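Input: a single structure, listed below in structure tokens.
The values are calculated or read from the model by the stated rules, or taken from the named source; none is laboratory data. Everything quoted here is computed from the prediction, not taken from an experiment. Every residue, glycine among them, receives a Cβ derived from its backbone with ideal geometry; neighbour counts consider all protein chains shown.
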Amino acid sequence: MSRVRLLLLGGLLSGSCVSVAQGVTQPADPARPPAVVVDTLARKFSLVGPLDSATRPNQLVHERYPGPRRLRGTIGKQPVTIELDSANSSYTGAFYYDRSGRWLEVRLDARPGARTLHLCETPAGDLTGRLRLPAKAPAQLKGTWENADGRHQYPFVLRETYAGAARYEQDLWEMVRYTVRRDTSYIPLDSAFFHQLYVRVSLPNNPVAEQRLRRALAAPFAPELMPLYLDTLLARRQLQHNGYQFHGVGDVVYNGHNLFSVLRVSSFQQGPDYHPHEWYDGTTFDLRTGQRLRLADLLVAGYQKRLLALFRRGLKRALAAAPGYGPLGGAAPPLPVGGFVLAPAGLVFTYDDRDAATLGEPGAGHADRFLEVVLPYEELVPLVRRTGPLAPVLQERGLLPKK
């Protein structure tokens, strides 16, 4: 299961496999703005005349969440990366071995006194490993990894680092806009809902790249104009449909080797039938320049035919692992319209209902409205440009000769 799917299902916010690590707690940020609910602000910025004679109360929420802390190091001789998100005085996140790219769940509880980080290395959340931390946590964390039954142990070293990576935050904008009945201001007559997490990148040593990334990934308007934008957007949707809901997430799926990959997941539904759509759009950036990378920037000239063959092979693997989806893409399936992302496991494409209409109404055996196709880096070696942005990833994994 991919990290973005874990996020969508709440896997990064809750779980039964709990772990504890006093050494990686994060102090509260006094500058972090609290959640704000502003009814009068939304009314003030409304551009649309009353849809009813009663006042239209709106609810607006804006909050900024800190991005994950990035820890890198080794377990035994294996290089690892850990990314930890904070939530309600605890941490959740992801962990992968750099040379294999296999995602593992990480659960941490910030309760004082306990000093063990538990690893859940299976989709079912089974506990398969622990990192025993020292009593005092210096900048460089050292301790012992052991498997679930304690029979195998290896030393580990971890350090927080953003070399070749970016710090980032997630900016939440949420608005509920509704009309009310003429005889009361408390019973909603019609409503529209918007919820979006935007990515806000910080590169203090590279302001040019930072500004490019912010323009590409941040909210479409400055904070003082967002209430106006959202109120107008939802009012227009209400005029078109009796009810509208939008949920959006910008999930960072790769952050390293000067590569920054974001998967935007948009889910919306509107009347009269309220059949939801779930769309996946990937973008990858070069952190040195802030420019968006295309497949042609990463792969050798003339890659198209060979990449399509690899994709179709990967699609067959994905369908074999999830037969409930049935055939997708026809006899000669094209690449998905949503583009690609990089992930620790490889190059990732995602089919949604823009590519296959059957994904709009999933049936038995495939409750998800998407199908993820992963092309492992090992398969991509013949197609990767040896001097391109993706080459360092392959070199670290021992797939290319070291310089």
Fill in: Residue count, the stretch 343-401 (criterion: under 25 Å from Ala165 (Cα atoms), over 20 Å from the mean Cα position of the chain (by Cα) and among the polar types (S, T, N, Q))
2
Worksheet entry | Candidates Asn206, Asn258 - the one that is surrounded by fewer than 22 Cβ atoms within 10 Å (Cβ to Cβ), at pLDDT 95 or above and on the phi > 0 side of the Ramachandran plot | Asn258
Discussion item. Please verify whether Ser266 is in contact with a Gly (Cβ under 9 Å, 6 or more places away or on another chain), more than 18 Å from Ala165 (Cβ to Cβ) and in contact (Cβ under 8 Å) with a residue 12 or more places away in the chain, treating the condition exactly as stated.
Written reply: yes
Practice prompt. Check whether at least one residue in the stretch 335-356 is surrounded by fewer than 17 Cβ atoms within 10 Å (Cβ to Cβ), free of Cβ contacts under 8 Å to residues at least 40 places away in the same chain and over 19 Å from Val253 (Cα atoms), and report yes or no.
Written response: no
Discussion item. Looking at (1) in contact with a strand residue (DSSP E or B) (Cβ under 8 Å, 6 or more places away or on another chain); (2) assigned to a loop (DSSP other than H, G, I, E, B); (3) among the aliphatic types (A, V, I, L, M), which one does Ala332 not meet, given that it meets all the others?
Written reply: (1)
Discussion item. Return the residues of the stretch 257-292 that are among the hydrophobic types (A, V, I, L, M, F, W, C) and assigned to a loop (DSSP other than H, G, I, E, B); say none if nothing qualifies.
Written reply: Leu287
Fill in: Within the stretch 378-391, tally of residues that are under 18 Å from Ala296 (Cβ atoms) and touching a residue at least 60 places away in the same chain (Cβ under 8 Å)
8
Worksheet item: Any idea which residue in the stretch 212-239 is nearest to the chain's Cα centre (by Cα), counting only those that are part of a loop (DSSP other than H, G, I, E, B) and exposed (fewer than 15 other Cβ atoms within 10 Å of the Cβ)?
Response: Pro220
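Name every residue in the stretch 162-201 that is in a loop (DSSP other than H, G, I, E, B) and either within 14 Å of the chain's Cα centre (by Cα) or modelled with pLDDT of 90 or more (or both), in order of residue number. Explain how you work it out, then say what you get.
Step one: list which residues in the stretch 162-201 are in a loop (DSSP other than H, G, I, E, B), which gives 162-166, 181-187.
Across the stretch 162-201, the qualifying residues are Tyr162, Ala163, Gly164, Ala165, Ala166.
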Worksheet item: Can you pull out the residues in the stretch 371-403 that are surrounded by 21 or more Cβ atoms within 10 Å (Cβ to Cβ), farther than 23 Å from Arg312 by Cα and modelled with pLDDT under 95?
Response: Val393
